[in-house]
Amino acid sequence: MPTLPDLLYVALFAVVLPAWDYLVFWPAFRRQSRADPAQARRRLWRLVIAGAWPLVAVGAALWMANDRSWASLGFVLPEGWRWWAAVALCLLPAAYYAYAVAALVRSADARASVRQQLGGLAAVLPHTRTELHWFGGLSLTAGFCEEFLYRGYFVWVFAPWLGWWGAAALSLPFFAVAHAYQGWSGVLRTGVVGALFTLVVAILGSLWPAIVLHALVDLGSGVIAWLALREGSAGTGAERGESDRRSA
């Protein structure tokens, strides 16, 4: 059964930190972004990466202190048909992003269309090769840490009272609102994607496929954004190289 420290931990990552981000962190980022967008992005990614892993470490310490099974949190490999379903699910987005990248490389019109669709989100997406490397680390961080927190710990804490499905449903609005910096349309998209990850965990009985899918989706989106935005940040190959050196 969950203990008071478990409830306080969930309140910390699902309520307190998102409120701090929305009221303090993101306004500060937007102010810095107006002055120096590239520096603001790098600082943002460093802070997110540096903050997410210690937050997960606190949850892991709580879990081990109570001598709980990691399998009950979802850290178990799928077996039988679930293993092959997990492999297929991970290959699908990989194939899609490979196709999308090839299309963007060939078509300037497609890249311009992506830039237009990104809108304000371009401020938090990679523009240079060095930024893409940072974004890769951010994608891996989001894939593991957000699944651990929202599809793992949050659901486990509330399942004794709401059942697994009830707890999973309750986690979705908290997960979505944690991405309020994307605007309300972004919150809605995040909620839908979170629901898909929840179904993956429910059907396959494991957090690992959702972690891999989450990281793949974030990384693939970052690569597509980079292919489109690098043209807007520097017009020639030499200028792109200089932009990369400045961002290193």
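Which residue pairs have Cβ atoms closer than 6 Å, lie 6 or more positions apart in sequence or on different chains, and pair a first residue in region 133-145 that is more than 16 Å from residue 13 (Cα to Cα) with a second residue that is not in a helix (DSSP H, G or I)?
Filtered contacts from region 133-145: 135/126.
On the given criteria, is residue 98 under 20 Å from the mean Cα position of the chain (by Cα), farther than 17 Å from residue 211 by Cβ and of a type in the set (A, V, I, L, M)?
Yes: the conditions hold for residue 98.
Of the numbered conditions (1) without any contact (Cβ under 8 Å) to a residue 60 or more places away in the chain; (2) part of a helix (DSSP H, G or I), residue 18 fails exactly one; give the number of that condition.
(1)
Just to be sure, is residue 77 assigned to a helix (DSSP H, G or I) and of a type outside the set (Gly, Ala, Ser)?
Numbers: assigned to a helix (DSSP H, G or I): no; of a type outside the set (Gly, Ala, Ser): yes.
Judged against the criteria, residue 77 is not a match.
Looking at region 171-183 only, could you name the residues that are surrounded by fewer than 17 Cβ atoms within 10 Å (Cβ to Cβ) and without any contact (Cβ under 8 Å) to a residue 60 or more places away in the chain?
The answer is 173, and nothing else.
Taking the condition buried (at least 17 other Cβ atoms within 10 Å of the Cβ) and in a helix (DSSP H, G or I), does residue 45 pass?
Considered against the rule, which asks whether it is buried (at least 17 other Cβ atoms within 10 Å of the Cβ) and in a helix (DSSP H, G or I), residue 45 comes out as yes.
Of (1) surrounded by 11 or more Cβ atoms within 10 Å (Cβ to Cβ); (2) more than 22 Å from residue 164 (Cα to Cα); (3) modelled with pLDDT of 95 or more, residue 22 satisfies all except one. Which?
(3)
Looking at region 152-161, is at least one residue touching a residue at least 24 places away in the same chain (Cβ under 8 Å), surrounded by fewer than 20 Cβ atoms within 10 Å (Cβ to Cβ), of a type in the set (A, V, I, L, M) and part of a helix (DSSP H, G or I)?
no
Being surrounded by 13 or more Cβ atoms within 10 Å (Cβ to Cβ) and β-branched (Val, Ile, Thr) is the filter here; which residues of region 2-19 pass it?
Answer for region 2-19, where residues must be surrounded by 13 or more Cβ atoms within 10 Å (Cβ to Cβ) and β-branched (Val, Ile, Thr): 10, 15.
Consider residue 118 carefully, then state whether it is out of contact with any strand residue (DSSP E or B) (no Cβ under 7 Å at 6 or more places or on another chain), closer than 30 Å to residue 69 by Cβ and among the hydrophobic types (A, V, I, L, M, F, W, C). Full working, then the answer.
On the way: out of contact with any strand residue (DSSP E or B) (no Cβ under 7 Å at 6 or more places or on another chain): yes; closer than 30 Å to residue 69 by Cβ: no; among the hydrophobic types (A, V, I, L, M, F, W, C): yes.
When the stated conditions are applied, residue 118 does not pass them.
Restricting to region 202-213, name every residue that is in a helix (DSSP H, G or I), within 23 Å of residue 136 (Cα to Cα) and of a type in the set (A, V, I, L, M). Steps first, please.
Pass one, region 202-213, residues in a helix (DSSP H, G or I): 202-204, 208-213.
Within this subset, residues satisfying the condition of being within 23 Å of residue 136 (Cα to Cα) are 208-213.
Of everything in region 202-213, those that are in a helix (DSSP H, G or I), within 23 Å of residue 136 (Cα to Cα) and of a type in the set (A, V, I, L, M) turn out to be 210, 211, 212, 213.
Report, ordered by the first and then the second residue, all pairs with beta carbons closer than 6 Å, sequence separation of six or more or different chains, a first member in region 208-229 that is of a type in the set (S, T, N, Q), and a second member that is surrounded by 20 or more Cβ atoms within 10 Å (Cβ to Cβ) and modelled with pLDDT under 95.
Close Cβ pairs satisfying both conditions: none exist.
Tell me, please, whether a residue that is within 23 Å of residue 76 (Cβ to Cβ) and part of a helix (DSSP H, G or I) can be found in region 127-140.
Yes, some residue in region 127-140 is within 23 Å of residue 76 (Cβ to Cβ) and part of a helix (DSSP H, G or I).
Could you tell me how many of the residues in region 192-222 are among the hydrophobic types (A, V, I, L, M, F, W, C), buried (at least 19 other Cβ atoms within 10 Å of the Cβ) and either touching a Leu at 6+ places or on another chain (Cβ under 7 Å) or farther than 28 Å from residue 116 by Cα (or both)?
11
The values are calculated or read from the model by the stated rules, or taken from the named source; none is laboratory data. It should be emphasised that the depicted structure is a prediction, and the values quoted were computed from it without experimental measurement. So basically every Cβ, Gly included, is an ideal-geometry build from the backbone, and we count neighbours across all protein chains shown.
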